[in-house]
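Inspection log for the structure reproduced underneath, given as structure tokens.
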Amino acid sequence: MTLKQIICIKWGAKYGPEYVNRLYGMVARNITPPFTLACFTDDPSGLRPEIRHFPLPRFDVTMPTGTPGMWPKSRLWGPRLGDLEGPVLFLDLDLIVTGSLDDFFTHGPPDGVVVARNPVRPLERLGQTSVFRFPVGKLAPMQALFAADPQGIANRYRYEQRFLTHNAPGGVTFFPSAWVRHFRQNCQYPFPLNYAFAPRLPNGAKIVIFPGALKPHEALAGTYDEARPHLSRREHLAALFNGQRSEKAFAHLRHYLLPARWVAEHWRE
């Protein structure tokens, strides 16, 4: 049986080892063995023994500044990734696995680059690199292109996922949209329904991603800001007028969030 290889990347202090350990637990519950999870990191302390770990791939460029993309992911685009060979499935640390991952290893060309579809810009053919599969070494030409002008590339494309979508050798194909759902776009109800209904887990979702500010622990708590507790409907509406809100009125209304209880079922080690 073919080995399923999953990779992730962790640098700096934003995410602790518990995120990698939790990802391993979610993967293990939702995949048919054999599989491996390999973490490329500058600090492997605290990782579960089942998790393979490698140093961050060497990539001697100055990362772009002033652009929103996660450009340090470009370290994974090189000709080698530890001792891994063949296709690997990259997963962000802050996503939730809610269904079987098996099909992510068979969908699309075996030697192709297969990416989740970005739902935020439905009119643009744009990938979302929270979830994507590629053969080790396939993206090396793209890494060389980026290395020649990192800041210029970032200024032009803004997000690394746009750069990947337009420059992956052989082009990209997409996983079915129903497999990878965006929490704010596909799970949270729009105003005013967000005051009546808690965020839902869409049928058929295998992965829920959390790009941007709102993260799983905040979705579970029912708040857009971890520094603020969940407010009742009355308290949140009252904040429109009592000076306790930090946003414009409509943004404040859109950002009311009832706790997504289903997060606790899936987002655990």
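The values are calculated or read from the model by the stated rules, or taken from the named source; none is laboratory data. In this text the structure is predicted, and so the values were computed from the model without any measurement. Glycine gets a Cβ as well: all are built from the backbone with ideal geometry, and neighbour counts include every protein chain shown.
Quick notes
- Tally, over the stretch 83-94, of residues that are in a loop (DSSP other than H, G, I, E, B) and more than 12 Å from the chain's Cα centre (by Cα): 3
- Here Gly170 meets the list (1) of a type in the set (Gly, Ala, Ser); (2) on the phi > 0 side of the Ramachandran plot; (3) in contact with a Ser or Thr (Cβ under 6 Å, 6 or more places away or on another chain) almost entirely, failing just condition (3).
- Subset of the stretch 192-204 [more than 25 Å from the chain's Cα centre (by Cα) and surrounded by 14 or more Cβ atoms within 10 Å (Cβ to Cβ)]: Tyr195
- Selection within the stretch 59-82 - in contact with a helix residue (DSSP H, G or I) (Cβ under 8 Å, 6 or more places away or on another chain) and in a helix (DSSP H, G or I): Trp71, Lys73, Ser74, Trp77
- Failed item in (1) modelled with pLDDT under 95; (2) surrounded by 23 or more Cβ atoms within 10 Å (Cβ to Cβ), with Phe134 passing the rest: (1)
- Qualifying residues in the stretch 95-125 (those that are hydrophobic (A, V, I, L, M, F, W, C), under 26 Å from Glu218 (Cβ atoms) and assigned to a loop (DSSP other than H, G, I, E, B)) - the one modelled with the lowest pLDDT: Val120
- Which listed residue is surrounded by 13 or more Cβ atoms within 10 Å (Cβ to Cβ), over 26 Å from Asn203 (Cα atoms), touching a residue at least 60 places away in the same chain (Cβ under 8 Å) and not hydrophobic (A, V, I, L, M, F, W, C), from Lys4, Lys10: Lys10
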